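J.: Questions regarding the structure given below will be posed in turn.
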Amino acid sequence: LMNLIGDISQNLLEVNRMENILVSGDFKDTPDKRQEIIANINALRQELDARKQALEELESKLKSSNGYSAKLQKTIESQKQLIDEQSQKIQQLEAALADANVKISDLNKNVEDLNTQVSTVTEERNAETQRADKVTELNICYYVCGSNKELKEHKILEKKFLGKTKTMEGDFDRSYFTKADKRKLTEVKTYAKKAELKTSHPAGSYSIETVGGTVVIKIKDAKKFWEKSNFLVIQTK
């Protein structure tokens with residue numbers, strides 16, 4: 001009986017230890033840890049069942065012996081009660097573990113939902129960025145101001161057969177141009193007293209004005225102005 005009491009007390013300590021693990025803030029719910037606790041709980045349940053069966057067998061033997069007494073019976077009953085209490089606590093531990101699993105599952109689902117939302121927003125943002133980049137690309141234009149000599153040096157102007165001048169034919173120097181946005185470019189300052197357009201742009205879409213003694217090309221209708229070419233070549237004098 002004393003051996004059984006010692007074993008039951010040891011089981012009680014183990015149950016309390018597992019309870020402390022589950023309720024402590026240090027408990028990390030991982031698959032390996034969960035399996036370890038489940039295995040410990042199952043082993044404890046088996047041990048408690050074995051202890052209870054041993055108590056009942058011992059009680060049966062003692063009742064038929066001369067040494068049986070009310071005090072001994074009370075000790076046995078208290079140990080049975082202790083086993084029952086431990087069994088109930090084990091059930092509570094299993095319920096707590098299951099509840100933790102549900103909460104972890106809910107949390108994982110929330111994280112997955114959040115990740116899905118973030119992924120969706122990211123995709124939409126990327127798509128919007130691509131659309132914006134495409135629009136920006138479609139609205140890129142290039143302009144250059146230079147003397148006849150400078151434009152020829154960069155092969156933007158070339159004198160062809162019968163003295164005719166061709167604009168941007170062949171391998172001209174694109175890096176000499178200034179890159180701009182059609183939607184924002186409203187005027188080009190030439191910083192020259194005289195200037196003429198060497199590229200073709202519809203009449204009425206622009207004007208050539210003198211401001212402060214120098215020529216300024218003012219774009220009145222951007223869509224119409226750039227419909228034939230994305231390049232503007234201005235020859236200055």
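The values are calculated or read from the model by the stated rules, or taken from the named source; none is laboratory data. Bear in mind that the values here come from a model prediction, so they are computed numbers and not experimental data. Glycine also receives a Cβ, built like all others from the backbone with ideal geometry; neighbour counts cover every protein chain displayed. Note: areas computed on protein heavy atoms with side chains; ligands, DNA, RNA excluded. Shrake-Rupley method; radii C 1.70, N 1.55, O 1.52, S 1.80 Å.
J.: Quote the relative contact order of the chain in percent (integer), defining contacts as alpha-carbon pairs under 8 Å separated by 6+ residues.
T.: That works out to 16 percent.
J.: While we're looking at this one, here's another question. Treating cross-link reach as a plain straight distance, find the lysines whose alpha-carbon is under 19 Å from the alpha-carbon of K33, omitting any fewer than eight places away in the same chain.
T.: Answer for K33, where 19 Å is the Cα cut-off: K103, listed by chain and number.
J.: Can you compute the helix-only [θ] at 222 nm over the chain? Use -39500 (n - 2.57) per DSSP H run of at least 4 residues, normalise by all residues, nearest 500 deg cm²/dmol.
T.: The helix-only estimate for the chain comes to -20000 deg cm²/dmol at 222 nm.
J.: While we're on this one: Within the set of other residues whose C-beta is less than 12 Å from the C-beta of E59, count the net charge using Lys and Arg as +1 and Asp and Glu as -1.
T.: +2
J.: What is the projected area of the convex hull of the Cα atoms of the range 28-88, averaged over all directions, in nm²?
T.: That works out to 4.8 nm², a quarter of the Cα hull's surface.
J.: Of all the accessible heavy-atom surface of the chain, with the other protein chains kept in place and a 1.4 Å probe, what percent is carbon and sulfur?
T.: With neighbouring chains kept in place, the figure for the chain is 49 percent.
J.: Considering only L157, L55, S175, whose Cα is most displaced toward the positive end of the charge dipole of the chain, charges sitting on Cβ of Lys, Arg (+1) and Asp, Glu (-1)?
T.: The listed residue farthest towards the positive side: L157.
J.: Right, next: Hey, what's the chain come to in accessible area per residue, 1.4 Å probe, Å²?
T.: Averaged over the residues of the chain, the accessible area is 66 Å².
J.: If the viscosity is 1.306 mPa s and the temperature 10 °C, what Stokes-Einstein diffusion coefficient in µm²/s follows for the range 123-186 when Rh is the Kirkwood radius over Cα pairs?
T.: Translational diffusion coefficient: 112 µm²/s.
J.: Another one. Taking a threshold of 23 Å on the Cα-Cα distance, which of the pairs K155/K237; K134/K166; K189/K220 fall above it?
T.: K134/K166
J.: So, one more: Which aspartates and glutamates have a Cα less than 20 Å from the Cα of K61, not counting those fewer than 8 places away in the same chain?
T.: D7, D49, E77
J.: Another question about this same structure. Between 0 and 90 degrees, rounded to the nearest ten: what's the tilt of helix 31-63 against the longest Cα principal axis of the chain?
T.: Around 10 degrees separate the two axes.
J.: Treating only the Cβ atoms of Lys and Arg (+1) and Asp and Glu (-1) as charged, compute the dipole magnitude of the range 170-234 about its Cα centre; round to the nearest 20 debye.
T.: Using Cβ point charges on Lys, Arg, Asp and Glu, the range 170-234 gives about 180 debye.
J.: At a Cα cut-off below 14 Å, give the aspartates and glutamates reachable from K179, other chains included and same-chain residues fewer than 8 away excluded.
T.: Filter leaves E137, E187.
J.: Still on this structure, please answer the following. With charges only on Cβ, +1 for K and R and -1 for D and E, what is the dipole size of the chain about its Cα centre, in debye, rounded to 20?
T.: For this selection, approximately 2740 debye.
J.: Tilt of helix 2-23 relative to the longest C-alpha principal axis of the chain, in degrees (0 to 90, nearest 10)?
T.: Compared with the principal axis, the helix lies near 20 degrees.
J.: Name the residue from I208, W226, N20 whose Cα lies farthest towards the positive end of the charge dipole of the chain, charges +1 on Cβ of Lys and Arg and -1 on Cβ of Asp and Glu.
T.: I208
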